[in-house]
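The values are calculated or read from the model by the stated rules, or taken from the named source; none is laboratory data. Here the structure is a predicted model, which means the values were calculated and not measured. With ideal geometry, Cβ positions are generated from the backbone for all residues, glycine too; neighbour counts draw on all protein chains shown. Accessible surface is based on the protein model in full, side chains and every heavy atom, while ligands, DNA and RNA are left aside. Shrake-Rupley method; radii C 1.70, N 1.55, O 1.52, S 1.80 Å.
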Amino acid sequence: MNKRPVILIVDDEVSNIEILSAALEDDYDISFATSADEVYELLRNVMPDLVLLDVLMPGTNGYEVCKHIKSDSLLADIPIIFTTALGHEGAELEGLALGAIDYIAKPISPAIVQARVRNHLELKRMRDQLATLAVTDALTGLGNRRQLEQSLARETRRLSVTGGLLSVIILDIDFFKRFNDLYGHMVGDRCIVQVAATLHRAARRAADVTVRYGGEEFACILPDIGHEEAMEIAETISMRVSALGIPHDASDTAAFVTVSLGVATAPCTLDIPPEAWINAADRQLYLAKNAGRNRVIG
Ligand code: GH3
Ligand code: MG
Ligand code: MG
Ligand code: MG
């Protein structure tokens, strides 16, 4: 069952909250706050899909709340609609300039609120879908190269603060051009999907990121994993791909599809660029290929 969207209503007047809730509660789960302090508290616990935000409140006003939400990278994508009795152009412009998506004048019309909320939630859903598609590989469902770059940048930054280790595994299918030539491109695609699924199962902690970053090349980003453990994961992947038993009569290494893997591990510091892990793992992969393929080097 799909979870109902959560709408956070912020208004210092309880009667306004009641009117807005009545208009929306049939379709959405409602959270509410009557002051900025309550909003900050709530945002940490509830991740609303949309915020209806009053401007005039005692203490911190709605504009300040909007700025706060927009400056927090975890919250910045939440659409904000101002609802206020300040019926002049300047007030509306200020709200929109701060990043609010819309502005509804009080007294509100329930039908208009329903329609605008529905439209903005639909736009948000499509934006989120697009953002996911932009980092997903269409053939395998793994992350793509853009995902690799984003995740590496994020994890190296995060681990620089905690002083953690980062391991990266790069994997390349052996003699895959010959495989395509012998069995055809469609069978080749199916082989890529099977290798991807094997990789995904082997690196499945929430923090692990697995991507297809080239035609038959994959990478695993393994935060807080040391070299020994990364080598074990790579060996497991190698064994499991062989165990798939995908016939490959044109391979020099075995009668079935095999892979070569390169592993690199280093503690994160701000002066090491993210691509250094890829370059290092790539060098190990190159050595694995030259040493005869179907092996892990790290
Ligand atoms: P090596 O053992 O040295 O890696 O040899 P290789 O033939 O696997 O390496 P190379 O990088 O020269 O060739 C990769 C081949 O992968 C080329 C192409 O035929 C195939 N390939 C790349 N992308 C795709 C894809 O999306 N689908 C299929 N079926 N094949 C692909
Ligand atoms: Mg008010
Ligand atoms: Mg290749
Ligand atoms: Mg290859």
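Figures for the structure shown
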quantity	calculated
Filter pass, Asp54 being of a type in the set (Asp, Glu), more than 16 Å from ligand 4 (Cβ to nearest atom) and open to solvent by less than 40 Å² (accessible area, probe 1.4 Å)	yes
Residue in region 225-239 that is within 27 Å of the chain's Cα centre (by Cα), within 15 Å of ligand 3 (Cβ to nearest atom), in a helix (DSSP H, G or I) and under 19 Å from Leu148 (Cα atoms) present	no
Residue in region 215-233 that is surrounded by the fewest Cβ atoms within 10 Å (Cβ to Cβ), counting only those that are more than 16 Å from ligand 1 (Cβ to nearest atom) and small (Gly, Ala, Ser)	Gly226
Residue in region 120-137 that is more than 29 Å from Tyr63 (Cα to Cα), within 16 Å of ligand 1 (Cβ to nearest atom) and not aromatic (Phe, Trp, Tyr) present	yes
Test: residue in region 52-71 that is in a strand (DSSP E or B), in contact (Cβ under 8 Å) with a residue 60 or more places away in the chain and on the phi < 0 side of the Ramachandran plot	yes
Qualifying position, being open to solvent by less than 80 Å² (accessible area, probe 1.4 Å), out of contact with any helix residue (DSSP H, G or I) (no Cβ under 9 Å at 6 or more places or on another chain) and not polar (S, T, N, Q), among Lys70, Lys106	Lys70
Tally of residues being open to solvent by less than 60 Å² (accessible area, probe 1.4 Å) and among the charged types (D, E, K, R) across region 252-265	0
Residues that are polar (S, T, N, Q), assigned to a loop (DSSP other than H, G, I, E, B) and buried (at least 18 other Cβ atoms within 10 Å of the Cβ), drawn from region 1-40	Thr34
The lone exception for His200 - which of (1) farther than 21 Å from Thr156 by Cβ; (2) within 15 Å of ligand 4 (Cβ to nearest atom); (3) of a type outside the set (D, E, K, R) it fails	(2)
Unmet criterion (only one of (1) under 18 Å from Ala33 (Cβ atoms); (2) modelled with pLDDT of 95 or more) for Ile101	(1)
Selection from region 266-296 of residues that are open to solvent by less than 40 Å² (accessible area, probe 1.4 Å) and assigned to a strand (DSSP E or B)	Ala266, Val296
Selected residue (criterion: nearest to Val113 (Cα to Cα)) from residues of region 79-91 that are open to solvent by 10 Å² or more (accessible area, probe 1.4 Å) and hydrophobic (A, V, I, L, M, F, W, C)	Ala85
Unique residue being open to solvent by 20 Å² or more (accessible area, probe 1.4 Å) and in contact (Cβ under 8 Å) with a residue 24 or more places away in the chain when the list is Asn144, Asn119	Asn144
Of all residues making up region 162-198, the number that are under 30 Å from Cys268 (Cα atoms) and either within 15 Å of ligand 1 (Cβ to nearest atom) or open to solvent by 20 Å² or more (accessible area, probe 1.4 Å) (or both)	10
Cβ-Cβ under 6 Å pairs, at least 6 apart or on other chains, region 165-179 side over 11 Å from Leu222 (Cα atoms) and in contact (Cβ under 8 Å) with a residue 12 or more places away in the chain, far side assigned to a strand (DSSP E or B) and open to solvent by 10 Å² or more (accessible area, probe 1.4 Å)	Asp172/Glu217
